[in-house]
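Right, one structure below, let's go through it.
The values are calculated or read from the model by the stated rules, or taken from the named source; none is laboratory data. This is a predicted model, so every value here is computed, not measured. Note that we place each Cβ from the backbone using ideal geometry, even for glycine, and neighbour counts take in every protein chain shown. The accessibility values were calculated without ligands, DNA or RNA, using every heavy atom of the protein model including side chains. Shrake-Rupley method; radii C 1.70, N 1.55, O 1.52, S 1.80 Å.
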Amino acid sequence: MANYTNMELLKFLLFEVHPMNSLFNYERFAHLNEEQAWMMIESAKLLADQEMAPFFREMDETPVKYDGKGNVQTHPALKKIISAAAEQGWIGGSALFEHGGMQLPEMIFGTAHHLFQAANNSIQGYLGLSTGAAGLITSFGSIDQLEKFVPKIYSGEWQGTMALTEPQAGSSLTDITTSARLINNNEYSIRGQKIFISGGQHEACSNFIHLTLARIEGAPAGIKGISLFIIPKFRPAADGSLEYNDVYCAGDFQKMGQRGYATTHLSFGDNNNCIGYLVGEPNKGLSYMFQMMNGARISVGLCAASVAMAAFQCSLQYCKERPQGRLPSEKDPTKPPVNIIQHADIQRMLLTQKAIAEGSIALGIECNKLYDLSHACNKEERANYLLLLEILTPIIKAYPSEQGSRSAALAIQTLGGYGFTTDFPVQQHYRDLKIMSLYEGTTGIQAIDLLGRKVLMENGKALQLLADEINKTISAANSYNELKSEAEILNNELSRIAWILKHYTPYALEGNMEKYLADATVFLEMMSYTVIGWQWLKMALKASEKLKMTGMAPNQKSFYEGKIHTCQFFFKYEMPHASACATTLLTDSTLTSVSNFELFD
């Protein structure tokens with residue numbers, strides 16, 4: 001079995017580039033130290049090695065299956081895996097002590113989930129959804145709701161889900177029609193359909209707690225009339241027993257990838273006997289749900305990065321072992337072939353994969369640290385950390401999802417014809433990755449969120465805070481001759497972003513949002529290259545600092561030199577894409593907001 005991640009990279013990112021130790025100075029995380037943190041991550045790696053990675057291929061070859069009677073059959077090992085993960089704290093471990101958790105930083109918890117995602121991305125989704133659903137209940141639910149539902153979710157006995165999408169509405173939550181009629185207190189009769197419900201009703205858990213968006217009768221139209229409900233498959237009865245709650249699984253979608261991960265169609269209230277429990281206040285459901293959605297967006301981005309990393313590790317191992325051809329300078333056909341990693345074009349493809357996967361993981365860990373700081377620090381500091389997290393969220397969701405697919409395609413390419421066969425896992429990584437650009441809002445939705453909301457929020461404060469952080473890295477990098485060129489390029493890209501916004505902001509100010517947002521996806525792509533370039537400069541900066549030390553082991557020296565080399569590669573081969581995006585954005589012709597649809601015929 002090939003490696004699916006790089007533990008040395010994770011230690012570098014967690015303790016040197018984005019030093020986790022600073023978190024342990026806060027009261028919320030003062031019960032932890034560096035040694036304990038790394039032991040937990042190593043324990044998660046062992047769980048991934050023993051219980052998840054062995055079933056990666058099996059779950060693809062024997063996918064989840066709907067039995068036609070309301071049940072989804074999953075891989076036989078799933079129940080045991082969920083139970084083992086729950087027992088080790090990888091469902092509820094990030095929750096507060098008083099909620100039954102271990103009060104772990106997301107830097108630890110999210111890194112463990114990276115390991116699960118890289119080992120077998122079909123499994124991690126079940127765990128992550130339960131974490132998010134329970135977190136919503138603890139944040140906005142009543143004490144009674146917390147006590148009834150959260151402990152069973154954290155134990156792995158019950159599965160949490162998020163139920164948003166409807167057949168007629170898709171991503172447009174404004175148009176959902178699932179209805180809620182008041183019965184008494186906070187109990188409502190629910191009727192409606194939800195589709196694409198990840199982790200929906202399956203055999204590995206005994207009950208399902210669906211965090212569901214619906215409209216209370218008489219609520220305002222649009223998103224202002226959406227409420228959040230807890231809708232269990234089996235509801236608690238007065239005597240403590242469970243009774244069927246009229247939540248029927250009408251099917252499971254068979255997918256291109258992630259075939260071990262249930263994706264269901266749920267029907268609520270076919271027999272007028274489905275009860276939902278209102279969470280928080282009426283008509284505030286979407287604002288509540290955004291807590292889970294934003295967490296899920298970061299998780300999906302990190303999952304894409306993790307799968308790209310697994311594909312890269314597989315292709316790297318293959319290229320080190322596969323002899324084929326000779327270098328152009330070798331004219332003697334009797335000389336033995338060289339391993340293909342010696343060929344320049346193979347190195348280009350490997351370095352592209354490395355740049356994408358490692359840069360994306362670095363950004364994911366940066367986001368997790370911002371989340372931790374925003375929950376641990378005082379109110380004055382919290383606002384800035386939250387703003388930074390807000391503006392980085394669409395980027396961590398979109399860049400790994402889009403570029404991760406490109407990276408996995410290169411993994412196939414490095415293997416040549418073998419990459420296209422089922423003998424090697426890279427074709428599965430490629431298929432599994434595609435869904436990441438669709439989950440939790442497509443790339444187009446992330447782009448509109450970035451340019452239409454995050455860039456404009458608080459008069460551009462979030463963007464300014466990000467620019468300030470990038471400028472700190474640029475300033476520090478200018479102290480090292482080997483990084484001055486990259487620092488200058490990154491500074492130029494920041495200036496280019498400011499120029500683009502100067503060009504586009506007048507459209508927003510005059511209310512011409514169609515023009516302002518028409519090429520939002522191109523802007524997101526440009527911003528993403530800049531932000532990943534920032535992450536690579538941070539890694540190269542720390543590597544340069546370390547290389548000043550004496551007495552370093554040769555393998556450690558190569559590790560740090562590899563970070564500088566890949567940073568330089570990113571700025572030479574990848575960063576120029578940002579300039580191309582800018583050229584598109586500054587061209588005044590409008591080609592994507594036409595009204596003559598016959599042009600597409």
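Within the stretch 1-32, the residues that satisfy the criterion of being assigned to a loop (DSSP other than H, G, I, E, B), over 17 Å from G110 (Cα atoms), in contact (Cβ under 8 Å) with a residue 12 or more places away in the chain and in contact with a helix residue (DSSP H, G or I) (Cβ under 8 Å, 6 or more places away or on another chain) are M1, A2, N3, Y26. Among the residues examined, A305 qualifies as out of contact with any His (no Cβ under 7 Å at 6 or more places or on another chain), open to solvent by less than 10 Å² (accessible area, probe 1.4 Å) and either touching a residue at least 60 places away in the same chain (Cβ under 8 Å) or of a type outside the set (G, A, S) (or both). With respect to being assigned to a loop (DSSP other than H, G, I, E, B) and surrounded by fewer than 18 Cβ atoms within 10 Å (Cβ to Cβ), P282 falls outside the description. Does the stretch 439-462 hold any residues that are hydrophobic (A, V, I, L, M, F, W, C) and either closer than 25 Å to M256 by Cα or in contact (Cβ under 8 Å) with a residue 60 or more places away in the chain (or both), and which are they? Selection gives I445, A447, I448, L450, L451, V455, M457, A462. In the stretch 255-280, the residues that are more than 30 Å from H429 (Cβ to Cβ) form Cβ pairs under 6 Å with partners that are of a type outside the set (G, A, S) and at pLDDT below 95, at six or more places apart or across chains, as follows: Y277/N186; L278/N186; G280/Y288.
The residue that is most open to solvent (accessible area, probe 1.4 Å), counting only those in the stretch 70-100 that are of a type in the set (G, A, S) and part of a loop (DSSP other than H, G, I, E, B), is G100. Among residues of the stretch 202-221 being assigned to a loop (DSSP other than H, G, I, E, B) and either open to solvent by less than 60 Å² (accessible area, probe 1.4 Å) or touching a strand residue (DSSP E or B) at 6+ places or on another chain (Cβ under 6 Å) (or both), the one that is nearest to T263 (Cα to Cα) is H202. Contact map, the stretch 337-358: first residue farther than 15 Å from C314 by Cα, second residue exposed (fewer than 15 other Cβ atoms within 10 Å of the Cβ) and of a type in the set (S, T, N, Q), Cβ cut-off under 6 Å, separation 6 or more or different chains; pairs are P337/Q324. Residue-level check: of (1) assigned to a helix (DSSP H, G or I); (2) more than 20 Å from Y277 (Cβ to Cβ), Q103 misses just (1). Look at D67 and say whether it is within 30 Å of T422 (Cα to Cα) and touching a residue at least 40 places away in the same chain (Cβ under 8 Å). No: the conditions fail for D67. For the stretch 572-596, filtered to residues that are part of a loop (DSSP other than H, G, I, E, B), hydrophobic (A, V, I, L, M, F, W, C) and free of Cβ contacts under 8 Å to residues at least 60 places away in the same chain, the residue that is most open to solvent (accessible area, probe 1.4 Å) is L591. Screening L327 on (1) buried (at least 21 other Cβ atoms within 10 Å of the Cβ); (2) of a type in the set (A, V, I, L, M, F, W, C); (3) in contact with a His (Cβ under 8 Å, 6 or more places away or on another chain) shows it passes everything except condition (1). Selection of the stretch 182-192 for residues being touching a Phe, Trp or Tyr at 6+ places or on another chain (Cβ under 8 Å) and open to solvent by 70 Å² or more (accessible area, probe 1.4 Å) yields L182, R191. Hey, does the stretch 267-277 have a residue that's of a type in the set (A, V, I, L, M), modelled with pLDDT under 95 and open to solvent by 10 Å² or more (accessible area, probe 1.4 Å)? Scanning the stretch 267-277, I find no residue that is of a type in the set (A, V, I, L, M), modelled with pLDDT under 95 and open to solvent by 10 Å² or more (accessible area, probe 1.4 Å), so the answer is no. Here G199 fulfils each of the conditions (1) buried (at least 22 other Cβ atoms within 10 Å of the Cβ); (2) over 27 Å from the mean Cα position of the chain (by Cα) apart from (2). Checking every residue in the stretch 308-324 against the condition of being of a type in the set (D, E, K, R), assigned to a loop (DSSP other than H, G, I, E, B) and at pLDDT 95 or above gives at least one match. Of a type in the set (S, T, N, Q) and surrounded by 14 or more Cβ atoms within 10 Å (Cβ to Cβ), is that true of N368? Yes. I'm trying to understand the selection: among the residues of the stretch 533-575, which are within 26 Å of A467 (Cα to Cα) and either basic (K, R) or at pLDDT below 95 (or both)? K538, K542, K546, K563, K572 - these are the residues of the stretch 533-575 that are within 26 Å of A467 (Cα to Cα) and either basic (K, R) or at pLDDT below 95 (or both). Of all residues assigned to the stretch 462-476, at least one qualifies as being touching a helix residue (DSSP H, G or I) at 6+ places or on another chain (Cβ under 7 Å), more than 21 Å from I395 (Cα to Cα) and not hydroxyl-bearing (S, T, Y). If only residues of the stretch 43-69 that are touching a helix residue (DSSP H, G or I) at 6+ places or on another chain (Cβ under 8 Å) and acidic (D, E) are counted, the one that is least open to solvent (accessible area, probe 1.4 Å) is D60. Q168 falls short on exactly one of the conditions (1) in a helix (DSSP H, G or I); (2) surrounded by fewer than 19 Cβ atoms within 10 Å (Cβ to Cβ), and that condition is (1). Taken together, the residues in the stretch 400-453 that are assigned to a helix (DSSP H, G or I), among the hydroxyl-bearing types (S, T, Y), under 27 Å from L129 (Cβ atoms) and open to solvent by 30 Å² or more (accessible area, probe 1.4 Å) amount to 1.
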